[in-house]
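First comes the structure, then the notes that go with it.
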């Protein structure tokens, strides 16, 4: 049997390009570049995939992206978000030649998702003010994890949040801060944000309260707080719950212990889901939840510091006025005193 000639071979169906690309979320950039060279049918979809959310971990990469976009204006509308996490190389920090490429990238129109980390998490407000089309930004993440072990105070990840940033990012839906120090200035005039989700992971509050950031925002869908111990977040959580309707509350602490301040002072009728991890849970904890969170649909308590025994859980379920409760996740172990 003779081999098939070129005209007899099955041709690849161009419409399958999108299906192939969407079959995985873990394409390596090098693989995508090689696919773009297969045929013109691959070039457009691959470009959209490559430039939708560039992830840059060096100033060199930032400079190359800025140059590529400047030389190819047709690529500009493809960029919907960016992750900038440059790290110092041989002691080199942010220099003037780096600023021009950062200005070009942060000045792009239509950016919806921005992550700033590495050296850009140091006094991060400096770089937030360089975002020219901030009204388009829906998701903002300041990630200080790469600089969290810095010995120098000058290199400490930090953010000074004031009303100018609130007005600048007025359409923000999600704010995620991790491994940074934050100072929240009290605004001079009231405002409302359109925030849906707030997540603070190991954030040190130097001054101010989350409520000052939220101001007159009446509700948020999700509030997530992760910290080393409860004393760092319990008062912040209580203030938010007292001033704002929260639908989902998630609290996770590394050093297990009780809340120094009760987080539920008043009824939280809008709270639908509550997840507590690492806190000292006892019958007083359950009583507070049953009293203040009567519209809960999902309750999860995990960690090794629960002292609630099975009969007390049964009593809580039977007697608490939680008629909407649909799921209950209990700790795997109960800590009993000897």
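Taken together, the values in this text are just the output of simple stated rules run on the coordinates, not laboratory data. Just so you know, these numbers come straight off a predicted model, no measurement behind them. Here Cβ is always computed from backbone atoms with ideal geometry, including for glycine, and neighbour counts include all displayed protein chains.
For this structure, a couple of remarks:
- Principal-axis tilt of helix 283-292 within the chain, Cα atoms, nearest 10 degrees: 70 degrees
- Expressed in units of 2.2 N^0.38 Å, where N is the residue count, the Cα radius of gyration of the chain is 1.23.
- Span from the the range 203-223 Cα centroid across to the the range 295-316 one, whole angstrom: 28 Å
- Relative to the longest principal axis of the Cα atoms of the chain, helix 40-52 runs at roughly 40 degrees.
- Subtracting the Cα-Cα distance of residue 126 and residue 75 from 0.36 nm times their residue separation leaves 15.7 nm of extension gain.
- Listed residues 89, 137, 79, most fluctuating in the chain (Gaussian network, C-alpha, under 10 Å): 89
- In terms of overall dimensions, the C-alpha atoms belonging to the range 138-199 reach 38, 23, 15 Å along their principal axes, ordered largest to smallest.
- Hull volume in cubic angstrom per residue (convex hull over the Cα atoms of the range 229-338): 90 Å³
- C-alpha long axis of helix 59-71 to longest principal axis of the chain, angle in °: 50 degrees
- FRET efficiency, 1/(1 + (r/R0)^6) with R0 35 Å, evaluated for residue 255 and residue 326 via beta carbons: 0.65
- Square roots of 5 times each gyration tensor eigenvalue, C-alpha, the range 53-217, largest first, Å: 26, 21, 12
- Shape class for the range 193-290, computed from the alpha carbon gyration tensor (a ≥ b ≥ c): oblate, with a/c not under 1.5 and a/b at or below b/c.
- Gaussian network model of the chain, Cα within-10 Å springs - most flexible of 306, 188, 150: 188
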